[in-house]
Amino acid sequence: MTDITIRPMKSDETDKIASLIAEGYYGDIFFKWVVGRDEDRLKVVTDYYKVYLGAKGSVVHVAQDPCKGIIGATVWLPHDVDVSIYDDIDKTAGIYANRFRAVADNSHYSEPPMTPFYQLVAVVVNKEAQGMGLGAKLLKHNLDKFDELGIPTYLEASTPYHGGGVYGKFGYQPVGELMVFTSEAVLYPLWRPARKKLKISFGGYKWRALAVCDDKMLLLSEKIITPAVYHDAFESITWSDTTLRKYLNDSFYNNFEPHEKAQILESELINSPNPWMHTDGGENTIDKIFLLSAEEVAKYLGDSGQLKNPSNIFFIDDHFNDERKATLIDGSPSRWFLRTPGSSADFVSVVTVEGKISITGDFVNRSSTELFNVGIRPAMWVKRDVI
């Protein structure tokens, strides 16, 4: 094992790696259901994985033995992989296309409603190299990288999960519903939160990376940078016309150095209505620095489904509360404003000191007091090379 190297796939290795995976999964009970005829399975599964290996954003690593060559591989796909790959799979799967499509459709119901994440779609070790911990070594190599970026991962195991084995060792836990196709062909969805959250120092502040997409990242200030009001008067207002938007894109933005400003990207914001009360969110805007919406908080900090299916008429209160809590620089607990309107046009949604999302919201001109802190956590898209 000491001489085995884990490295990225080379562009001319697609056929070799696809064949290795197909051979490894030939006797898998799930793939025996998907491609029922033994004589078809190797070719169909090989062609199926060629599509995955060539997908934009795929992360493929191989285990290289100095004498035997490639003896193992892992394949990961981003959650937002281009859906056109499923049309390509339909073409390569032929008479088995309906079963491959059924798997893809069921995945969308079972995978967690959070982004971004990567899905493990293959981990295979050559039969002669099994039993030496190579599969775990391959997984660890990838998971360490995802942890550094603060990216969680997801997979669908084809054998029952009882909390042990290699997946249990790495902290995977059941999520969603079992994917049952027959009494024997069952997939077990598993989820693993990132062990670390990517923290970045930029412009004199600490930031949390909420999303890493190609050449850019979405940052949210780790702490509430200052007490503030959303708007300086108690009146009907939308994000586009607030004093806080002007402050963030003027005074606050101008605190950054010229080379830092060059890293901050303009973002087109969708300012949706209040998801429960339907209060108008106003016109869409283009901003460099902004506040998250209620939908974005659920998307990036944890979505328990209450945004679409409320458990009460006031706020979202779930097991993601701790992810949403924030403090001022001095450590004092504080509410923080969102840009989503509240129950009326003179209210705005907030995250409470307990981490609840108050969809009904608070006064747009609510200011901090000695007993009641409320402030801002700026967000922005930046070029990925800031790290």
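Numbers for the structure displayed
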{"item": "Hydrodynamic radius of segment 186-304 per Kirkwood, over alpha carbon pairs, in Å", "result": "16.6 Å"}
{"item": "Mean separation of Cα contacts under 8 Å (6+ apart) over length of the chain, as relative contact order %", "result": "14 percent"}
{"item": "Cα extents of segment 31-107 along the three principal axes, largest first (Å)", "result": "41, 33, 18"}
{"item": "0 to 90° range, to nearest 10: angle between helix 97-110 axis and the chain longest Cα axis", "result": "40 degrees"}
{"item": "Estimated FRET transfer efficiency when R0 is 35 angstrom, pair ARG101-GLU323 (beta carbons, to 0.05)", "result": "0.55"}
{"item": "Cα shape, segment 5-192, gyration tensor, a/c 1.5 rule", "result": "rounded"}
{"item": "Proximal aspartates and glutamates to LYS356, defined as alpha-carbon separation beneath 18 angstrom and excluding residues fewer than eight positions away on the same chain", "result": "GLU222, GLU295, GLU296, ASP303, ASP317, ASP318, ASP322, GLU323"}
{"item": "Least to most buried among TYR154, TYR205 (fewest other Cβ within 10 Å first)", "result": "TYR205, TYR154"}
{"item": "Between 0 and 90°, nearest 10: helix 84-93 axis offset from the chain longest Cα axis", "result": "20 degrees"}
{"item": "Per-bin percent of Cα-Cα distances, segment 199-386 [10 Å]", "result": "10, 39, 39, 12, 1"}
{"item": "Prolate/oblate/rounded call for segment 121-188, Cα gyration tensor, a/c under 1.5 rounded", "result": "oblate"}
{"item": "Answer label, with Rg and Dmax of the Cα atoms in Å calculated from the coordinates and candidates (1) 23.9, 75; (2) 21.2, 72; (3) 21.2, 66", "result": "(1)"}
{"item": "Net charge dipole size for segment 56-187 [Lys, Arg +1 and Asp, Glu -1 on Cβ; Debye, nearest 20]", "result": "420 debye"}
{"item": "Distance violations [Cα-Cα > 26 Å] among LYS56/LYS308; LYS145/LYS206; LYS56/LYS127; LYS145/LYS261; LYS43/LYS140; LYS91/LYS216", "result": "LYS56/LYS308; LYS56/LYS127; LYS145/LYS261; LYS43/LYS140; LYS91/LYS216"}
{"item": "Segment 1-146: relative contact order in percent, alpha carbon pairs under 8 Å with at least 6 residues between", "result": "28 percent"}
{"item": "Over the chain: helical MRE at 222 nm, DSSP H runs n ≥ 4 each giving -39500 (n - 2.57), nearest 500", "result": "-7000 deg cm²/dmol"}
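Here, each number is a calculation from the coordinates, and none is a lab measurement. The structure presented is a predicted model; accordingly, all values stated were derived computationally and were not measured. Cβ atoms come from the backbone with ideal geometry, glycine included; neighbour counts cover every protein chain shown.
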